[in-house]
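Reading through the structure tokens given below for one structure.
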Amino acid sequence: MTNRGGKPSDARAGQRKDREKRVGARIPELGYYLIVTDTKETEKNYFEGLRDSIPRELKDHLVIKVEKAKTVELVKRALELTEQDSQYRIPWIVFDRDQVKDFDSIVKEAEKNQVGAGWSNPCFEIWMYAYFGEMPAIQESYICCERFAEKFEKISKHKYLKNDKDIYRKLIKYGDEEQAIKLAERCYERCRKDRENPSEM
């Protein structure tokens, strides 16, 4: 936002610097995102919270729509929805390793069809764990959920509920999103060196 002289007003410039500091000056790619997930609660609530947190000046340029589908139909549904509504030009699927059969095949199918694949191994809570500076190696999703719930309650003083519509706001309030992104990127790069399939990472 600029003032009439064409320069950012001091107040606005200060607010922008504060916001950039808060999110590590990470600027999202603008566009219309379609996210298809296989859960009706955790991931959906997280991404809708992220969508609702978008600054007002970006709301017309960064749009997120969240839809649900069966795990085996995630890619197919993402392609169908993109075809039906061409404004959603950036399709993604988001799902957990958990006990999903053909997990690696679903990731490969997404890549083959130019659909982004956001996957968590073993479950989405491992990503939320990263907001608090850790991504422990946990095999079972129920153990991951239990340990994340303990960590979340200890730090936030709130009980963790999978259907919490306010989960994104709480994570950015009590955790560090930029740190979470860096930690997840480091973890992914480390795993890629000696493991080919997402299910093994």
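Every read-out reported here was derived from the displayed coordinates using simple, explicitly stated rules and does not represent laboratory data. In this text the structure is predicted, and so the values were computed from the model without any measurement. Every residue, glycine among them, receives a Cβ derived from its backbone with ideal geometry; neighbour counts consider all protein chains shown.
Rounded to the nearest 500, what is the chain's calculated 222 nm mean residue ellipticity when only DSSP H runs of at least 4 contribute -39500 (n - 2.57) each, over all residues?
The helix contribution divided over the chain gives -14000 deg cm²/dmol.
Can you tell me which of 122-129, 192-199, 172-179 comes out highest on packing, and rank the rest after it, using the mean Cβ neighbours within 10 Å?
Per-residue mean Cβ counts within 10 Å order the peptides as 122-129, 172-179, 192-199.
According to a simple spin-label model (label point 7 Å from Cα along Cα-to-Cβ), what is the distance in nm between ARG89 and ASN163?
3.8
Which lysines have a Cα less than 29 Å from the Cα of LYS154, not counting those fewer than 8 places away in the same chain?
LYS21, LYS40, LYS44, LYS162, LYS165, LYS170, LYS173, LYS182
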